[in-house]
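Please read the structure below before turning to the comments.
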Amino acid sequence: MLLRIALRKKTSKLTAVTAAVALAIAPMSSALAQQNKGPPVIRDTEAEQLLRDYTRPVLRAAGLEKQNIQVVILNESVFNAFVADGRRIFVNYGAMMQSETPNQIIGVLAHETGHLAGGHLAKLREQLARAQTQMIIAMLLGVGGMVAGARSGNSNSGLANAGAAAVAGPQEMIRRTLISYQRQQEENADRAGVKFLTASGQSAKGMYETFNRFTDDSLFAARGADPYQQSHPMPAERVAALEELARSSPYWDKKDDPALQLRHDMVRSKISAFMERQDTVYRRYPLSNDSLPARYARAITTYLHGDLRSALVQIDGLIQVQPNNPYFYELRGQALLEGGKPAEAIAPLRKAVQLSNNAPLIDMLLGQALVGTNDKAHTEEAIAILRAAVARETEAPLGYTQLAMAYGRKGDFAQADLASAQAAFLRGDNKTARELASRAKTRFAIGTPGWVKADDIVAAKPTPGQNSN
Ligand SMILES: [Zn+2]
């Protein structure tokens, strides 16, 4: 299942902080674009599991394995990766698509982990706050100068001009200070990244290959608008230093494990199939390409474009090759569910749940199939599965949406309202969440667990700067 959902408000706010930092350093247009859109997130068990496997050894080497750091995939086709709040690494799906080997994207994740381990975001924020204070002081001094100049009765006096210069000068000076500070952080993150890779027995060649593509005089740089390019100035000397460091590792020539490369290629073909136009998918994965990733991409795009019967034949072919791959059963279930056959989706989804060790997003899909049958015999099981899923996966609204339907079918309108309120809250729709939670409160006995949860949502403060839809 590949879901596109809105990012929770908490994160949007933090992203705005990053945007504010970027605003001080990068050209304004990119920072504003980042702010206005509020990046939606892509959720998919297979891709997330792969990224967890990519980051685990690096985080361990960085001493961050206990911090519960997550990798979040953003719905953006351009190459980008960044840290925003000290506990999440954001990666655009474009960065996955453009990384031909696991080692290349692992290198980017190692670099971002270097920022996390160095606490760079907090330090940059501190630096920015200090710079802003300096700027305000400088402006006050500058304005004071102008006033003094005007009072002397001669607005062309040297004093007045000095005042104007004092206003313009510090901003440029501060901008330069921040840029050199940022450059230093980037070099530190490179060094830390290589260290983590070497400590975990991995090559930093992929990291070098990726950053080398972004050098200031490369084709990528010529395009100019690339956000990763803007946040990662890549002067030739930085890339040269990185190359030297990476080559000194005993693992420089170590190749990716073929099994990992296959998983990487499967996720890339899945992303392509879900995110790109069908003709693009067929251009990347023509019928002449008989590899598993190509067949995966074609099976997905076939179901997405309405040919369920042909898609099922193709998916069954995939299952024959890898009978224990949970994501093939998940795909079969999703295709049937979205093709209006929820009862038939139940068996493959049960198999996917079992093979994936109860992945909560797949549990939610199974819950959706059970609810979708309109058969009351499935209601209790659906509620049990969905409750367990939302307890482990706290940020996906789908579980609560389905839970609300299951409770509604049972006639438990208090729980149905509460689940709908929780779904709205996760979508960032605070207004609807509050309305539904208020109604839920009137249906629960005061002080019961359901009433308390509803009361929490009613009392939740709206996050400033967040739109309510
Ligand atoms: Zn960086």
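The values are calculated or read from the model by the stated rules, or taken from the named source; none is laboratory data. None of these values were measured; they are calculated from a predicted model. As a convention, Cβ positions derive from the backbone with ideal geometry for all residues, glycine included, and neighbour counts pool all protein chains shown. Areas reflect the complete protein model, heavy atoms only, side chains present, ligands, DNA and RNA absent. Shrake-Rupley method; radii C 1.70, N 1.55, O 1.52, S 1.80 Å.
Plugging the Kirkwood radius over Cα pairs into Stokes-Einstein for the range 246-400, at a temperature of 10 °C and a viscosity of 1.306 mPa s, what D comes out in µm²/s?
Stokes-Einstein gives a translational diffusion coefficient of 94 µm²/s.
Probe radius 1.4 Å, ligands and nucleic acids ignored: give me the carbon and sulfur share of the accessible area of the range 227-382 as a rounded percent.
Carbon and sulfur together cover 50 percent of it.
For TYR282 paired with ALA240, estimate the spin-label separation in nm (one decimal), with each label point 7 Å from Cα along the Cα-to-Cβ line.
Spacing of the two 7 Å Cα→Cβ label points: 4.9 nm.
To the nearest Å, what is the center-to-center distance of the range 332-362 and the range 199-213, using C-alpha atoms only?
Comparing the Cα centres of the range 332-362 and the range 199-213, I get a distance of 37 Å.
When Lys and Arg each count +1 and Asp and Glu each count -1, what net charge do the other residues less than 13 Å away from ALA454, Cβ to Cβ, add up to?
+1
If you count only protein heavy atoms with a 1.4 Å probe, what accessible area per residue comes out for the range 376-426, rounded to a whole Å²?
Per-residue value: 39 Å².
Excluding GLU46 itself, calculate the net charge of residues whose Cβ lies under 13 Å from the Cβ of GLU46, where each Lys or Arg counts +1 and each Asp or Glu counts -1.
0
Taking every eigenvalue of the Cα gyration tensor of the range 361-469, multiplying by 5 and rooting it, what semi-axes result, largest first, whole Å?
Ellipsoid semi-axes (Å, largest first): 23, 16, 11.
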